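The values are calculated or read from the model by the stated rules, or taken from the named source; none is laboratory data. Please read all numbers here as calculations on a predicted model, not as lab measurements. Positions of Cβ are backbone-derived with ideal geometry, glycine not excepted, and every protein chain shown enters the neighbour counts. When the accessible area is computed, the model is the full protein with side chains, heavy atoms only, and any ligands, DNA or RNA have been set aside. Shrake-Rupley method; radii C 1.70, N 1.55, O 1.52, S 1.80 Å.
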Amino acid sequence: MKKCAVIYNPKSGKLKNMKEFLKVTEKILNQYSYGAEFFKTSKVGDATNIIVNLNDIYSLVIIAGGDGTLNEAVTGNVMREKKFLLASLPIGTTNDVATMYGYTKNYKKDLELLLNGTIRNVDICLLNSKPFIYVACLGNYVDVSYATPRKWKERFGRIGYLLYGVKRIFRKLKQYSIEYEIDGKKYQGNFSFLFITNSSRVAGLEHLYKNVKLNDNMFEVAFCEAKRKRELIKMVPAILSPVVKKIPGIVYHRTDNLIVKLNNSIKESWCLDGEEYCMNDNIFHFHIQNNMQMLIPKKNVQKLFKEEFET
């Protein structure tokens with residue numbers, strides 16, 4: 001029988017009966033000829049440490065949590081010489097990555113979807129040396145994803161983020177003076193938001209870009225030039241449609257290598273996959289590592305992956 005490690009975050013989402021979750025998960029894994037061992041996270045960084053220190057005996061490592069827990073696990077896997085085959089089992093609040101992959105809101109069904117899934121090489125983006133799976137962003141209001149009180153998220157789910165965001169909307173829109181380099185060409189400008197993504201879905205918004213592929217060694221870059229909130233509000237209808245790169249006031253690039261220099265003297269925190277990432281630097285290098293394999297549902301594979309990368 002193959003061995004499967006399940007790293008689970010008991011604070012993710014709104015699961016009311018963790019004992020039942022563990023029991024059912026083990027039962028289903030046994031039905032698919034996996035012997036299961038469970039590892040609980042209790043604080044930030046635990047998933048990374050667990051992955052780094054896991055024995056090589058596991059054929060599969062399942063991450064049961066939200067986008068932040070998955071990010072931690074991927075971070076740990078990047079640090080390993082011999083990497084594990086990973087799979088996401090979404091039990092978090094938002095689960096942007098899982099929704100993009102085609103998961104549902106039923107963990108029993110999702111577990112069967114992934115166990116009947118397919119293995120794909122997935123591009124992992126890095127900000128300097130820190131991995132992120134689907135989004136790195138800087139700017140106004142992006143702290144809502146990690147600053148929203150946990151009790152709000154547990155009580156209200158996604159609405160909790162919206163309620164907390166309403167409190168922040170009255171702040172004055174701030175701009176960031178940046179210099180950046182893409183493919184040897186240098187640019188500069190003032191922007192209120194910086195988004196670097198490898199995803200068709202961010203913050204619950206679907207299909208922000210057409211034809212995004214998760215194994216093409218490329219990522220999308222979108223910088224917003226809005227100076228005032230009314231300019232930003234005018235952009236909303238277009239942002240909700242799949243034409244982001246054509247919106248006036250949005251500077252768009254597609255690349256595999258980006259260097260950003262932040263000229264503002266105030267040190268800022270990036271939001272990586274919904275979690276805060278503090279840095280003391282003002283120069284940020286974005287690139288790709290493409291030697292990570294994940295077991296994912298078959299539902300959206302044809303849409304999200306290039307055929308020549310299939311395994």
Quiz prompt | Distant-in-sequence amide H partners of GLY92 (H built 1.01 Å from N, under 5 Å) | solution = GLY65, GLY66
Self-check item: For LYS298, distant residues with modelled amide H under 5 Å away
Solution: THR118
Quiz item: For the stretch 16-32, in order, what is each residue's ³J(HN,Hα) by Karplus, 6.51 cos²θ - 1.76 cosθ + 1.60 with θ = phi - 60°, in whole Hz (x at glycine and Pro)?
Solution: 8, 10, 5, 4, 5, 4, 5, 5, 5, 4, 4, 4, 5, 4, 4, 5, 9
Quiz prompt | Estimated translational D of the stretch 1-91 in µm²/s (Stokes, Kirkwood radius over Cα pairs; 37 °C; 0.692 mPa s) | solution = 251 µm²/s
Quiz item: With θ set to phi - 60° and the Karplus curve 6.51 cos²θ - 1.76 cosθ + 1.60, what are the ³J(HN,Hα) couplings of the stretch 252-261 in order, to the nearest whole Hz, using x for Gly and Pro?
Solution: 10, 9, 10, 7, 10, 7, 9, 10, 10, 10
Quiz prompt | Exposure ranking of HIS253, HIS285 by accessible area [1.4 Å probe, largest first] | solution = HIS285, HIS253
Quiz item: If amide H atoms are built 1.01 Å from N in the plane of the peptide, which residues on other chains or at least 5 residues away come under 5 Å of the amide H of ASN215?
Solution: ASP123, LYS306
Quiz item: Under a point-charge model restricted to the Cβ atoms of Lys and Arg (+1) and Asp and Glu (-1), what is the dipole moment magnitude of the stretch 52-135 relative to its Cα centre, in debye to the nearest 20?
Solution: 80 debye
Self-check item: Hits among aspartates and glutamates - C-alpha to C-alpha of LYS227 under 13 Å, sequence gap 8 or more where chains match
Solution: none
Quiz item: Using the Karplus equation 6.51 cos²θ - 1.76 cosθ + 1.60 (θ = phi - 60°), what ³J(HN,Hα) coupling, rounded to whole Hz, does each residue of the stretch 270-279 give in order, writing x for Gly and Pro?
Solution: 7, 10, 10, 6, x, 10, 6, 10, 8, 9
